[in-house]
Amino acid sequence: MTTLAERLIEAMDDLELEKPVDLARYCGVSEGLVSQWFSGATSLGPKPLKAFARKSKFSLDWLTDGKLPKFRPESASSQGASAVIEETMADRMLVETTVLDRLDLDETELLEMYRKISPENREALKDHAKRMIPVENAVHKSFRRNKP
């Protein structure tokens, strides 16, 4: 599996785009966002993902995760079943990506680590994190709820 940056470089080669600024224009996003894609600070969001997939022949799975096939089937048109399925997948990513776009770098890093943890360890981590919240905040919130 390749990284997003490696896939973007490969896509740029296929599309004959020379610089990240060219990719930004192609996807309709800022050069700064493309820089974050290459650095790994943020993922490819749903709007640029849709634009990229529509303008190019790349599959959404390959763009997002590096899963093959790299290209959509030639028979898929903008009205075809494959295109509808891909658009639906991108729409489902909208909520997650919108939330991710608002995270700072530390929050993004924590989320990425959390996603690599087994379900059992996730529960243990959540319990541990809850214990790290200062007691005065918990007592204060509890007091406010009971106030008439």
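The values are calculated or read from the model by the stated rules, or taken from the named source; none is laboratory data. Bear in mind that the values here come from a model prediction, so they are computed numbers and not experimental data. Neighbour counts run over all protein chains shown; Cβ positions are idealised from the backbone, glycine included. Side chains are part of the model used for accessible areas, which takes the heavy atoms of the whole protein and leaves out ligands, DNA and RNA. Shrake-Rupley method; radii C 1.70, N 1.55, O 1.52, S 1.80 Å.
Checking A76 against (1) at pLDDT 80 or above; (2) more than 18 Å from L4 (Cβ to Cβ), which single condition isn't satisfied?
In the conditions (1) at pLDDT 80 or above; (2) more than 18 Å from L4 (Cβ to Cβ), A76 misses (1) alone.
Kindly indicate the residue of region 48-70 that is among the small types (G, A, S) and not in a loop (DSSP other than H, G, I, E, B) and also surrounded by the fewest Cβ atoms within 10 Å (Cβ to Cβ) among those meeting that condition. Give the steps one after another, and end with the answer.
Going residue by residue through region 48-70, those that are among the small types (G, A, S) are 51, 53, 56, 59, 66.
Now drop any that are not not in a loop (DSSP other than H, G, I, E, B), which leaves 51, 53.
Details: A51: 16, A53: 22.
Going through the qualifying residues, I end up with A51.
Can you tell me which residues in region 101-148 are among the polar types (S, T, N, Q), open to solvent by less than 100 Å² (accessible area, probe 1.4 Å) and at pLDDT below 75? Break it down into steps so the answer makes sense when it comes.
Within region 101-148, the subset among the polar types (S, T, N, Q) is 108, 118, 121, 137, 142, 146.
Cutting the leftovers down to open to solvent by less than 100 Å² (accessible area, probe 1.4 Å) gives us 108, 118, 121, 137, 142.
Within region 101-148, T108, N137, S142 meet the criteria.
Show the residue pairs that are 6+ apart or on different chains and have beta-carbon atoms under 7 Å apart, the first residue being within region 16-31 and among the β-branched types (V, I, T), the second being open to solvent by 60 Å² or more (accessible area, probe 1.4 Å).
V21/E31
Return the residues of region 5-47 that are of a type in the set (A, V, I, L, M), outside any loop (DSSP other than H, G, I, E, B) and open to solvent by less than 30 Å² (accessible area, probe 1.4 Å); say none if nothing qualifies.
A5, L8, A11, M12, L23, A24, V34
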